[in-house]
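Here the structure comes first, spelled out in structure tokens, and everything after it is commentary.
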Amino acid sequence: MDKIQVNIKDVLQTVSKADIEALQGAARASLAKLTDGTGLGADFLGWVKLPTTTPDALLDDITATAASLRENCDVVVCIGIGGSYLGAKAVLEALGNAMGVANGPQILFAGQNIGEDYLFELQEYLRGKRFGIIVISKSGTTTEPAIAFRLLKAQLEEQAGREAAGKLIVAITDAKRGALRSLATTEGYKTYVIDDNVGGRFSVLSPVGLLPIAVGGYDIKALMAGARAMEEGTLTGADTSALLYAETRNALYRAGKKIEILVNYNPKLHYFGEWWKQLYGESEGKDHKGIFPAAVDNSTDLHSMGQWIQDGERTIFETVISVERQRHEVRIPTDAENLDGLNYLAGKRVDEVNKMAELGTRIAHVDGGVPNMQILLPALEEQYLGQLIYFFEAACGISGYILEVNPFNQPGVEDYKRNMFALLEKPGYEKETEAIKAKI
Ligand code: PA5
């Protein structure tokens with residue numbers, strides 16, 4: 001199996017090899033904490049061995065549930081927010097058809113926002129259609145997915161009847177706690193468990209990500225095989241790519257590069273950038289520290305953010321995901337009149353032009369003072385995406401420990417919830433309601 005690779009050549013104008021190597025000890029100690037559970041947040045390390053410990057029987061069960069949803073639904077709505085949706089969305093987009101042509105039921109998302117128009121239009125769209133629901137919430141109490149589920153559950157029961165609706169709903173939640181668990185038990189839904197020790201943003205390789213990906217018709221065993229290879233390589237020390245990435249980004253951070261931009265040259269990776277932003281933002285942005293994670297889709301964003309990246313404040317570095325092989329081949333045709341002047345490209349593949357845009361941009365950005373790391377991904381296929389997911393998760397844990405934060409909690413996320421509940425006068429929040437009303 002080909003492997004993803006990390007190339008750090010184009011950061012060496014900003015940090016030296018010695019600067020990066022100086023972090024090797026800390027990175028290796030951080031990796032050891034991930035494997036022996038002696039670091040901060042050690043209760044949330046279930047993801048570390050998920051690829052090698054997930055039984056085939058669970059993958060087969062998920063595949064069978066997915067097959068039933070594929071057979072009985074024209075649309076499957078995945079309800080969840082943050083770590084309960086971004087991983088699945090990222091993989092489905094990376095493997096899917098760019099025009100949204102589905103090989104099976106159409107997969108839509110809900111509960112990742114509180115947009116009233118979004119929900120209205122979704123309900124309108126689902127009217128009269130055969131649809132199913134995968135509702136995902138580890139805590140089972142998150143407001144956004146709970147609202148979406150209440151609406152869509154009622155609609156499905158009205159359209160299909162209560163008994164049939166119960167067979168078209170799958171709940172993925174905590175083993176024992178939370179409102180969703182109680183509801184699923186009462187209604188007899190098919191359920192999958194999110195283990196206590198797997199945090200939301202590290203859960204894509206659990207049923208949270210695997211069921212929606214399987215509903216999309218993709219090979220979750222190949223995805224897990226890729227992740228497993230990366231887990232084994234990383235934990236045995238045979239593959240040092242996650243260590244290298246963590247060391248290099250921390251060396252850049254210490255050299256004043258406070259913002260990391262994840263760059264792709266393939267629109268199918270847009271949501272991979274969204275997943276990565278959540279993984280790193282929610283894991284590292286603590287104690288007034290942390291690299292700010294941003295993402296761009298090139299060449300699209302070269303015509304919007306390109307100016308800033310080339311010429312703005314020099315506090316950024318880029319990590320470019322470079323996809324080696326494309327799935328399809330499109331060649332630029334010859335035109336007898338050549339009014340657009342493009343005949344110099346005739347016969348070339350579109351990807352050749354894209355690769356030159358990528359190389360030209362990298363040289364320009366490095367010349368302009370923007371260090372560049374490159375992650376070479378052989379192709380947008382299940383096994384490589386599995387590798388990439390585990391690579392970024394492992395590097396995130398290592399990097400968070402180098403930064404001396406707890407990468408596995410998210411205390412800052414609670415603040416908006418407390419204020420929102422106070423403003424909505426949720427029972428139990430009376431004191432907070434009084435205090436917040438005095439501020440407005
Ligand atoms: O990474 C995380 O833990 C969060 O982003 C959660 O996934 C998100 O807040 C959703 O939580 P829940 O699955 O409990 O509804």
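Condition first: closer than 14 Å to S30 by Cα and of a type outside the set (G, A, S). Now tell me which residues in region 376-427 satisfy that.
Residues satisfying the conditions are E393, C396, I398, Y401, I402, L403, E404, V405, N406, P407, F408.
What is the number of the single condition among (1) within 16 Å of the ligand (Cβ to nearest atom); (2) of a type in the set (D, E); (3) surrounded by fewer than 17 Cβ atoms within 10 Å (Cβ to Cβ) that E232 does not meet?
Checking E232 against (1) within 16 Å of the ligand (Cβ to nearest atom); (2) of a type in the set (D, E); (3) surrounded by fewer than 17 Cβ atoms within 10 Å (Cβ to Cβ), the one that fails is (1).
Kindly provide the set of residues from region 404-425 that are part of a loop (DSSP other than H, G, I, E, B) and either away from the ligand (no atom under 12 Å from the Cβ) or of a type in the set (S, T, Y) (or both), ordered by number.
Residues of region 404-425 that are part of a loop (DSSP other than H, G, I, E, B), as a first pass: 404-412, 424-425.
Residues satisfying the conditions are E404, V405, N406, L424, E425.
So, in region 225-253, exactly how many residues are closer than 22 Å to S206 by Cβ and either of a type in the set (F, W, Y) or at pLDDT below 95 (or both)?
Residues meeting the conditions: 0.
Filter region 414-435 down to residues that are surrounded by 11 or more Cβ atoms within 10 Å (Cβ to Cβ) and under 34 Å from the mean Cα position of the chain (by Cα), then give me how many there are. Full working, then the answer.
First pass over region 414-435, keeping only residues surrounded by 11 or more Cβ atoms within 10 Å (Cβ to Cβ): 417-423, 425-426, 429-430, 432-433, 435.
Keeping just the survivors that are under 34 Å from the mean Cα position of the chain (by Cα) gives 417-423, 425-426, 429, 432.
Total meeting the criteria: 11.
Applying the selection to region 276-298, what residues are in contact (Cβ under 8 Å) with a residue 60 or more places away in the chain, surrounded by fewer than 19 Cβ atoms within 10 Å (Cβ to Cβ) and away from the ligand (no atom under 16 Å from the Cβ)?
D287, K289
Identify the single condition in (1) near the ligand (Cβ under 10 Å from one of its atoms); (2) basic (K, R); (3) modelled with pLDDT of 95 or more that K138 does not satisfy, given that it satisfies every other one.
(3)
Which members of region 356-387 meet the condition of being among the small types (G, A, S), more than 23 Å from G209 (Cα to Cα) and not in a helix (DSSP H, G or I)? Please lay out each step first, then the result.
Going through region 356-387, the residues among the small types (G, A, S) turn out to be 357, 360, 364, 368-369, 379, 386.
Keeping just the survivors that are more than 23 Å from G209 (Cα to Cα) gives 357, 360, 364, 368-369.
The answer is G368, G369.
When the residues of region 110-120 are narrowed to those that are more than 14 Å from the chain's Cα centre (by Cα) and within 27 Å of K167 (Cβ to Cβ), which ends up farthest from the ligand (Cβ to nearest atom)? Talk me through it step by step, then tell me what you get.
Initial filter on region 110-120 (more than 14 Å from the chain's Cα centre (by Cα)): 110-111, 113-120.
From the residues that got through so far, the ones that are within 27 Å of K167 (Cβ to Cβ) too are 110-111, 118-120.
Values: A110: 13, G111: 8, Y118: 18, L119: 17, F120: 22 Å.
My answer is F120.
Enumerate the pairs (first residue in region 28-55 and touching a residue at least 60 places away in the same chain (Cβ under 8 Å); second residue anywhere and β-branched (V, I, T) and surrounded by 16 or more Cβ atoms within 10 Å (Cβ to Cβ)) with beta-carbon separation below 6 Å, excluding pairs fewer than 6 apart on the same chain, so at least 6 apart or on different chains.
S30/I398; S30/I402; L31/I398; L34/V48; G46/V198; W47/V198
Regarding E318, is this residue under 15 Å from H365 (Cα atoms), crowded, with 23+ Cβ neighbours inside 10 Å and touching a residue at least 12 places away in the same chain (Cβ under 8 Å)?
Details: under 15 Å from H365 (Cα atoms): yes; crowded, with 23+ Cβ neighbours inside 10 Å: yes; touching a residue at least 12 places away in the same chain (Cβ under 8 Å): yes.
Criteria met by E318.
Condition first: surrounded by fewer than 23 Cβ atoms within 10 Å (Cβ to Cβ) and acidic (D, E). Can you find one or more residues in region 383-403 that meet it?
no
Where in region 218-291 are there helices (runs of 4 or more DSSP H), lying wholly inside it, with at least 2 residues that are among the hydroxyl-bearing types (S, T, Y) and either over 24 Å from D19 (Cβ atoms) or touching a Gly at 6+ places or on another chain (Cβ under 9 Å) (or both)? Can you show your working first?
Details: elements: 220-236, 241-254, 270-284.
Because the criterion is at least 2 residues that are among the hydroxyl-bearing types (S, T, Y) and either over 24 Å from D19 (Cβ atoms) or touching a Gly at 6+ places or on another chain (Cβ under 9 Å) (or both), the helices (runs of 4 or more DSSP H) in region 218-291 that meet it are 241-254, 270-284.
Could you check how many residues of region 155-181 are surrounded by fewer than 17 Cβ atoms within 10 Å (Cβ to Cβ), within 15 Å of the ligand (Cβ to nearest atom) and at pLDDT 95 or above?
Adding up the residues that qualify gives 0.
Give region 38-97 a look and list any residue that's of a type in the set (S, T, N, Q) and within 16 Å of the ligand (Cβ to nearest atom), or say none. Steps first, answer last, please.
First, the residues of region 38-97 that are of a type in the set (S, T, N, Q): 38, 52-54, 63, 65, 68, 72, 84, 97.
The answer is S84, and nothing else.
Looking only at region 190-203, decide whether some residue is free of Cβ contacts under 8 Å to residues at least 60 places away in the same chain, within 16 Å of the ligand (Cβ to nearest atom) and more than 20 Å from the chain's Cα centre (by Cα).
Checking region 190-203: at least one residue is free of Cβ contacts under 8 Å to residues at least 60 places away in the same chain, within 16 Å of the ligand (Cβ to nearest atom) and more than 20 Å from the chain's Cα centre (by Cα).
Of the numbered conditions (1) farther than 27 Å from R254 by Cα; (2) assigned to a helix (DSSP H, G or I); (3) more than 16 Å from the ligand (Cβ to nearest atom), Y401 satisfies every one except a single condition; which is it?
Every listed condition holds for Y401 apart from (1).
Anything in region 76-100 that is assigned to a loop (DSSP other than H, G, I, E, B) and at pLDDT 95 or above? List them, or say none.
Step one: filter region 76-100 for residues assigned to a loop (DSSP other than H, G, I, E, B), giving 80-81, 85, 96-100.
G80, I81, Y85, G96, N97, A98, M99, listed by residue number.
Among the residues in region 250-269, are any within 16 Å of the ligand (Cβ to nearest atom) and not small (G, A, S)?
Keep residues of region 250-269 that are within 16 Å of the ligand (Cβ to nearest atom), which gives none.
The answer is no, given that none of the residues of region 250-269 is within 16 Å of the ligand (Cβ to nearest atom) and not small (G, A, S).
The values are calculated or read from the model by the stated rules, or taken from the named source; none is laboratory data. From a predicted model like this one, the values you see are computed outputs, not experimental measurements. Because the Cβ atoms are built from the backbone with ideal geometry, glycine has one as well, and the counts that use them run over all protein chains shown.
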